[in-house]
1. Which residue pairs have Cβ atoms closer than 7 Å, lie 6 or more positions apart in sequence or on different chains, and pair a first residue in segment 111-131 that is over 20 Å from L39 (Cα atoms) with a second residue that is assigned to a loop (DSSP other than H, G, I, E, B) and among the acidic types (D, E)?
2. When you go through V143, V165, V170, V151 one by one, which is the residue that is within 16 Å of the ligand (Cβ to nearest atom), on the phi < 0 side of the Ramachandran plot and modelled with pLDDT of 95 or more?
3. Does L239 count as in contact (Cβ under 8 Å) with a residue 40 or more places away in the chain and under 18 Å from S30 (Cα atoms)?
4. Is segment 59-68 home to any residue that is in contact with an Asp or Glu (Cβ under 9 Å, 6 or more places away or on another chain), among the β-branched types (V, I, T) and buried (at least 17 other Cβ atoms within 10 Å of the Cβ)?
5. So, of the residues in segment 215-232 that are closer than 11 Å to A184 by Cβ and within 12 Å of the ligand (Cβ to nearest atom), which turns out to be surrounded by the fewest Cβ atoms within 10 Å (Cβ to Cβ)?
6. Can you name every one of the helices (runs of 4 or more DSSP H) wholly within segment 132-251 that holds 1 or more residues which are under 18 Å from the mean Cα position of the chain (by Cα) and under 18 Å from S97 (Cα atoms)?
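The values are calculated or read from the model by the stated rules, or taken from the named source; none is laboratory data. This is a predicted model, so every value here is computed, not measured. Neighbour counts run over all protein chains shown; Cβ positions are idealised from the backbone, glycine included.
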Amino acid sequence: MRKKIVAGNWKMNTTVPEGVELAKAVKEKSAAVPAGIGLIVAVPFTHIVPVSEVLKGSRVGLSAENCADKEKGAYTGEVSVDMLVSAGCNYTILGHSERRQYYGETDEKLVAKTRLALDAGLGVILCVGENLSQREAGNHFKVVTEQIENVLFNFTAEDLSKIIVAYEPVWAIGTGKTATSDQAEEIHACIRKVIAGKFGEKAADDVTILYGGSCKPANAKELFACPDIDGGLIGGAALKADDFIQIALSY
Ligand code: PGA
């Protein structure tokens with residue numbers, strides 16, 4: 001049976017001391033969340049070492065928000081998968097729409113990053129999602145299908161077992177506009193169908209697909225009630241430990 005997961009994406013927020021406090025609060029409050037629900041926080045690079053110290057021995061997984069598309073060497077400003085593992089990460093987010101939109105992240109680069117991450121033993125949270133004009137043009141199924149094909153289809157069913165997919169409609173991220181549960185469910189079901197077509201029903205049934213985009217305590221319950229929504233990737237609401245945990249308690 002696939003895992004249910006609630007992951008926080010802190011993005012470029014909090015100083016190191018603030019991040020450490022937030023991690024402590026999440027760890028402390030995580031005891032209230034049923035054991036079957038996985039918790040992950042994705043933090044800025046500078047926060048990984050101190051936050052991993054805080055989370056040591058806890059049930060909360062630690063993720064980076066990105067990684068380099070090269071193994072090592074003369075790539076000033078980049079952070080490799082080996083660095084992330086040695087700093088205490090269990091996962092990395094890849095392909096977040098903000099990376100695709102502002103930093104030229106292509107599907108091709110995502111294949112390289114995913115390969116490096118999996119080889120290093122990191123789980124991957126792979127983000128896909130259409131922007132507003134793509135949705136308004138009725139191309140959302142096509143866009144998301146192509147993103148899945150372009151990246152995931154380069155991997156095996158075994159690799160897929162270490163990949164979490166996050167559907168994040170770009171028009172819903174940080175805008176306060178949430179996809180309705182029907183809008184989210186129909187894309188999640190489509191993603192699962194595309195995965196089934198390539199990797200088989202069992203692999204598709206086992207893959208965790210998170211929803212992201214203005215998910216908050218007030219709407220998490222309705223979203224998580226959908227059969228193909230297996231949790232959330234939470235931005236703004238993950239910056240408050242109470243809200244983040246409240247969302248995880250929405251199952
Ligand atoms: P949001 O961000 O919850 O602030 O909309 C979600 C995300 O981008 O991961």
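1. Listed by first residue and then by second, the contacts come to A112/D69; K113/D69; L116/E71; G129/E168.
2. On the way: V143 fails: within 16 Å of the ligand (Cβ to nearest atom); V170 fails: modelled with pLDDT of 95 or more; V151 fails: within 16 Å of the ligand (Cβ to nearest atom).
Going through V143, V165, V170, V151 in turn, just one is within 16 Å of the ligand (Cβ to nearest atom), on the phi < 0 side of the Ramachandran plot and modelled with pLDDT of 95 or more: V165.
3. Details: in contact (Cβ under 8 Å) with a residue 40 or more places away in the chain: yes; under 18 Å from S30 (Cα atoms): yes.
The answer is yes for L239.
4. no
5. My answer is N219.
6. Details: elements: 132-136, 140-152, 157-160, 181-199, 201-206, 217-224, 241-248.
Answer list for segment 132-251: 140-152, 181-199.
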